[in-house]
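Q: Have a look at the structure that comes next, please.
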Amino acid sequence: MNVSKHEAQEALEAVQRVSDQLRHAVASGGTPYYLIMWGAILLLGYIGSHFTTGLLTGWIWLGLAGTGSVLSFVIGMYFRMKMRTGSFTRILYLWLGIMVWASLIWWIAAPSTGEQASLLTVVIFMFGYVITGLWMEPTATWVGLITTALAVIGYTLFLPFFYLWLAFLGGGTMILSGVYILRRWK
C-alpha cells in the first residue's frame, strides 16, 4: 500500500485534531480541578505526616480524604453534563483500572512503614501519569518519570524528611499539572 505525502499529511492533521479535541475536553472538565484539589490534600497530608505521629496522622488523612471525596463528588456533579465524551469515559476507566491494580499491588507488596506505603502510592500514580502522557500529552509522561525518580531519590537519600519531600513533590506536581492544563489546554 502506497501512501502519498498528501495523504500522510492529512492523516497526521486528523490525529492532531483529535488530540487537540481531547485536551480541550479534559481542560473543560473537572480534571484540572481534581488535580489542584488532590494536590493540595497531598501537600497538607504529607506535611501533617511529617510533624505528627500515630493516631493524629490517621485523623489528619481521614479528614483530608473525606473532604476530598466530598469535593470530588461536587466537582463531578458540576462537570458531568459538560463532559459527555467517549474520551472522558476512557480516562475514567483508565484511572479506575489503575486504582484496582494499585489495590492489588498494595495488598501483595504489603508495605511495612508509612514511608514505603507513600513511595508505593506515588510510584503507582506516576505510572498513571506516564500512561496518560503516552496516550494524550507527552508532558505528563515526563512528569511521571521525573516525579518517580525524585520520589525514589528522596526515599533513598532523605528518609527523615521524606514526607516533606513528598508534600512538595507529589502535591506540588498535581497542583502544577492542574494549573498547566487550565492554562495550556483550553
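Bear in mind that the values in this text are calculations on the coordinates, not laboratory data. For clarity, every value in this text was computed on a predicted model and none was experimentally measured. Note: ideal-geometry Cβ built from the backbone for every residue, glycine included; neighbour counts use all protein chains shown.
Q: Length gain on complete extension for the stretch Ala117 to Phe161, per 0.36 nm per residue less the alpha carbon to alpha carbon distance?
A: Length gained, Ala117 through Phe161: 14.3 nm.
Q: So what's Rg/Rh here for the range 60-151, counting alpha carbon atoms and using the Kirkwood radius for Rh?
A: Reported Rg/Rh (Cα atoms, Kirkwood Rh): 1.01.
Q: Any idea how far apart Glu7 and Thr52 come out in nm if each label point goes 7 Å out from Cα toward Cβ?
A: Simple spin-label model gives 6.4 nm for this pair.
Q: Would you calculate, for the chain, the mean residue ellipticity at 222 nm contributed by helices, counting each DSSP H stretch of 4 or more residues as -39,500 (n - 2.57) and dividing by all residues, to the nearest 500?
A: Result for the chain: -28500 deg cm²/dmol, rounded to the nearest 500.
Q: If you build the convex hull over the alpha carbons only and average its shadow over all orientations, what do you get for the range 13-184? Give it in nm² to one decimal.
A: Its average projected convex-hull area is 10.0 nm².
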